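What follows is a single structure, written as structure tokens, with notes after it.
The values are calculated or read from the model by the stated rules, or taken from the named source; none is laboratory data. What you are looking at is a predicted structure, and each value in this text was computed from that prediction instead of being measured. Every residue, glycine as well, gets a Cβ built from its backbone with ideal geometry; the counts of neighbours run over all protein chains shown. Heavy atoms of the whole protein, side chains included, go into the accessibility calculation; ligands, DNA and RNA do not. Shrake-Rupley method; radii C 1.70, N 1.55, O 1.52, S 1.80 Å.
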Amino acid sequence: LGIEPCIIYGTGKPWDYRGALGALFEEEIKGYDYWGHTDFDCVYGDVNKFMPDEELVKYDLWSNHYCYVCGPWTLYRNTEKVNNIFRECDDWKERLEEPMATGWGEQGYSEKVDELHERKEINRLYTHFQSRDPNLWEDLTFNEGRLYDYGGEIMMFHFNRAKIYPLKEGEV
């Protein structure tokens, strides 16, 4: 990327690089229609039920949060335009060279995505196909590839507060 990264262990700084992963791993993702990122503390149900391929092809970027590009679930169309959105942010170099995590992906980068969407240069979608309350992880069940919470079937659950995997052996 032509920058001097300064990633300090334990800071969460790699999160700021999420929007640049398409450029950083260009060779590795060659030949794929989409690439994405997730957090390690997520479990997934039947993703295809919530976004079948015939719907997904309408979008250049799909993030599973109400209003911004989020870390736990974002898919990007593997195109030069989408993979280089981060370069359209005036402060991208400063944000990526800053040693501490800045939250840039969910702020400045997301604002650029929204701007490009409004100008119809890309088509992005924000959804929220996950549990409404991350503290209610005890209500999760997993059955035949589908994930449920107290409110019904969900696409994913992010253990961002619990950090406990509640499913018992045999439920998976």
For segment 44-110, the dipole about the Cα centre with charges only on Cβ (Lys and Arg +1, Asp and Glu -1), to the nearest 20 debye, works out at 100
Counting only the backbone N, which residues of segment 1-21 are under 16 Å from the spot 7 Å out from the Cα of residue 87 toward its beta-carbon? 1-4, 19-21
Accessible area in square angstrom per residue, segment 1-41, 1.4 angstrom probe: 68
For the pair residue 107 and residue 125, how long in nm is the line joining their label points, each one 7 Å along Cα→Cβ? 3.0
Under 20 Å between C-alpha atoms is the cut-off here; go through the chain and count lysine pairs that meet it, provided they're at least eight residues apart or on different chains. 13
More than 28 angstrom apart: percent of Cα pairs within the chain: 28
Candidates 32, 68, 126, ranked by Gaussian network fluctuation over the chain, Cα under 10 Å, top entry: 32
Choice from 11, 127, 141 showing the highest fluctuation, given a GNM over the chain with Cα pairs closer than 10 Å: 11
Starting from the Cα gyration tensor of segment 11-110, take the square roots of the eigenvalues, sort them a ≥ b ≥ c, and report rounded, prolate or oblate (rounded when a/c is under 1.5, otherwise prolate if a/b is larger than b/c, else oblate). prolate
Segment residue 67-residue 6, extension gain: residue separation times 0.36 nm, minus the distance between their alpha carbons: 19.1 nm
Run the numbers for residue 115 and residue 41: contour at 0.36 nm per residue of separation, minus the present Cα-Cα distance, in nm. 23.6 nm
Give me the percent of the accessible area of the chain that comes from carbon and sulfur atoms, probe 1.4 Å, all protein chains in place. 50
May I ask you to give the solvent-accessible area per residue for segment 56-100, in square angstrom, as obtained with a 1.4 angstrom probe? 47
So for the pair residue 58, residue 25, with labels modelled 7 Å out along Cα→Cβ, what separation do we get in nm? 2.8
